[in-house]
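Down below is the structure, laid out as structure tokens.
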Amino acid sequence: MEIDPINNNTTDSSLSGLDSSSNDANTTTTTTATTATENLGEPLTRASEEQEVYPIAVLVDELKNEDVQLRLNAIRNLSTIAMALGPQRTRDELIPFLSESIDDEDEILLAVAEELANFSEYVGGPEYAHYLLNPLENLASVEEVLVRDKSVESMNKIVKLLNPSQITHYFLPLLKRLSSAEWFTGRISACGLYAAGYAKCSEEQQAELRTSFAQLIQDDTPMVKRAAAKALADFSKELTQQQLISHILPLFLRLTNDDQDTVRLLTVEDLVQIANMLSHDEARQYLLAPLKSLGQDRSWRVRYMVATHFNELCDAFGESITREELVTLFVSLIKDSEGEVKILSIGQAPTFAKKVDQSVVIEKILPCIKELVIDTNQHVRAAVATNISGFAPILGKDLTIEYLLPLFLQLLKDDFPDVRLNIISKLENVNQVIGVDRLSQSLLPAIVDLAEDKQWRVRLAIIEYIPLLASQLGVGFFDDKLLNLCLSWLGDAVFSIRDAATTNLKKLVEIFGHDWAKNTVLPQVMGMAHNNNYLYRMTTLFALTTMATSLTPDIIKEKVLDTVLQLVDDPIPNVRFNVAKSLEVLAPILKQDPTTAPLVDTQVADVLKKLSKDKDVDVKWFAEKALLSVQGN
């Protein structure tokens, strides 16, 4: 018998049987049940009790099984074991067993750390929740990062349940041990625990925690400093403003000047949090210089982080400081030598432009954008194409025409397809400001080039934007300039393009209406039904079937049905079974109108019966399937 120094309770070897190897597979059920229940420390003497405990005994046995999956299953069922044992035996036997079982697969340890987060009810409620800290403390020191992170997350949940006495007697000693652990993994985990229990500590204890956290920030190991930098923002939230200035700021400044760029980049998020807690004047006094330093850091990764959070930083510092101090920093970021930094800055630019005067946008930001339009990095130009339209609402019609439209048109002529696609996808913002007339003449050549691009994925991408363009350009411009292009895609050599083209026509019908479909599109699509190439005839069926759900029964009867029926005797089996599939879709639509419903029982059913006797197996199968569907409806 020994005394647990953490939980201050007596434990015995009631679960010692779990340390032995699993029972032989050939052992009888009775023997296994008896052995397993003896391992629980309380042999059963009655058959009913043996039957009740047997499933639990098996689970306990599996905790030490050689099979990883069985052990994992047992861990996932820890709550079942705990309920069977009861709170007292769970605290005295199961928890100590888990504390000692850290020499296992990482997957198992991760599952243990996850299960213990919600285990307080099984040890007797919040007043006994501190018992769970011991196994989690052990897990917080292992080498695997995922296990440590999960154990810290679970401990933070448990700490919320503890009262001040439990904090004093159990949590703070644990935190002290981890903070001073010889192996760095314990110190890393300690960093993530300071914020959780701080509010429940006395003033004296809080002072000790601040001192201890400061030591972690100054740790010699870069991994510990990174963990401290990551935890600094959450810890700062627990402090008073005065404590923040006197205790945290010196530590923060130390981190911003660290030799490791992986440490410095983490301070950017800390800076956002601390700036939000200070007044704007205090932020200017204490944080402006560190921000400028980080924004011009020698490591592009640090500058990347500043660019990522730039608008958050502007909000934290306030409008005045943003306009007076941060414009120059933003310009340096958007002109950065590293492409990734420029791309992030471009993404922040439209939102940042709203925070400063229009004159600043014209004089400082747009010249940078103009340079980036011809940047050698195609991904930078693609980012410009995505975000440049965001300036249009800020500048208004006249300034957009003067400053943005030339850049817009230049991007539409870019050699990189993604640049042109990004411009077209964001057309709506510019269209709302300056109108479609000024765009249409320059837009059309770019669309045609993309539509005929040798890369089929580029052609596919532009097809997806056609409905958006159609809604913006209007039916007149579309019929005159783009309709033939959309129809030409129906004959593309790539099936994905033909398939997308049929879906495109359906969306256009929804935009322009039934009459437009009846008078403009359907006659041209139906003309393909007589093409010598069977692929065109199949595409005709695909297009008519896809558009059918957006058409009225009258239009189906007048324009679509006859064309489909004409192909019933097509020499190609693939065309014939697609006739059957098409009729299966058309029949329910025709039945919606009493005037067209009789066609289903006559023409449609007759054709399907004919196809059901076809010599081709596939045609027969699809025809019979369609016939059952039609007759069933």
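Results, tabulated for the structure shown:
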item: Residue satisfying condition, being at pLDDT 85 or above and either in the same structural domain as ASN504 (by TED's automatic domain parsing) or over 29 Å from LEU487 (Cα atoms) (or both), within set LYS610, LYS581; result: LYS610
item: When residues of segment 83-114 are limited to those that are surrounded by fewer than 21 Cβ atoms within 10 Å (Cβ to Cβ) and under 29 Å from the mean Cα position of the chain (by Cα), the one modelled with the highest pLDDT; result: GLU114
item: Cross-chain or 6+ apart pairs with Cβ under 9 Å, segment 215-244 first and surrounded by fewer than 18 Cβ atoms within 10 Å (Cβ to Cβ), then outside any helix (DSSP H, G or I) and of a type in the set (S, T, N, Q); result: GLN215/SER180; PRO222/GLN260; GLN241/SER279
item: Segments classed as helices (runs of 4 or more DSSP H), wholly inside segment 310-401, with at least 2 members that are among the hydroxyl-bearing types (Ser, Thr, Tyr); result: 327-334, 339-353
item: Tally of residues being β-branched (Val, Ile, Thr) and outside any helix (DSSP H, G or I) across segment 450-508; result: 1
item: Subset of segment 405-417 [part of a helix (DSSP H, G or I) and either within 33 Å of the chain's Cα centre (by Cα) or crowded, with 22+ Cβ neighbours inside 10 Å (or both)]; result: LEU407, PHE408, LEU411, LEU412, PRO417
item: Lone unmet requirement of (1) of a type in the set (S, T, N, Q); (2) touching a helix residue (DSSP H, G or I) at 6+ places or on another chain (Cβ under 7 Å); (3) in the same structural domain as LEU427 (by TED's automatic domain parsing); (4) more than 17 Å from VAL430 (Cβ to Cβ) for SER345; result: (3)
item: Long-range neighbours under 7 Å by Cβ, at least six apart or interchain, first residue farther than 16 Å from LEU251 by Cα and among the basic types (Lys, Arg) within segment 283-308, second part of a helix (DSSP H, G or I) and modelled with pLDDT of 90 or more; result: ARG284/ILE321; LYS292/LEU329; ARG303/GLY295; ARG303/LEU333; ARG303/VAL341
item: Hits in segment 547-576 (condition: among the hydroxyl-bearing types (Ser, Thr, Tyr) and more than 23 Å from THR602 (Cα to Cα)); result: SER550
item: Conditions (1) in the same structural domain as ALA597 (by TED's automatic domain parsing); (2) assigned to a helix (DSSP H, G or I); (3) not aliphatic (A, V, I, L, M): number failed by SER550; result: (2)
item: Criterion (more than 28 Å from the chain's Cα centre (by Cα), over 23 Å from PHE391 (Cβ atoms) and of a type in the set (Lys, Arg)) met by exactly one of ARG264, ARG298; result: ARG298
item: Matching option when the condition is surrounded by 18 or more Cβ atoms within 10 Å (Cβ to Cβ), of a type outside the set (Gly, Ala, Ser) and outside the structural domain of VAL617 (by TED's automatic domain parsing), among LEU505, LEU535; result: LEU505
item: Residue match in segment 370-383 (condition: touching a residue at least 40 places away in the same chain (Cβ under 8 Å) and closer than 11 Å to ILE334 by Cβ); result: yes
item: Given (1) free of Cβ contacts under 8 Å to residues at least 60 places away in the same chain; (2) in contact with a helix residue (DSSP H, G or I) (Cβ under 8 Å, 6 or more places away or on another chain), number of the condition LEU133 does not satisfy; result: (1)
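Listed here are the residues, each with its yes/no results for (1) modelled with pLDDT under 85; (2) surrounded by 18 or more Cβ atoms within 10 Å (Cβ to Cβ); (3) farther than 30 Å from MET83 by Cβ.
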{"site": "SER154", "(1), (2), (3)": "no, yes, no"}
{"site": "HIS169", "(1), (2), (3)": "no, no, no"}
{"site": "GLY186", "(1), (2), (3)": "no, yes, yes"}
{"site": "ALA195", "(1), (2), (3)": "no, yes, yes"}
{"site": "LYS200", "(1), (2), (3)": "yes, yes, no"}
{"site": "GLU208", "(1), (2), (3)": "no, no, yes"}
{"site": "THR211", "(1), (2), (3)": "no, no, yes"}
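The values are calculated or read from the model by the stated rules, or taken from the named source; none is laboratory data. Being a predicted model, the structure only gives us computed values, none of them experimental. With ideal geometry, Cβ positions are generated from the backbone for all residues, glycine too; neighbour counts draw on all protein chains shown.
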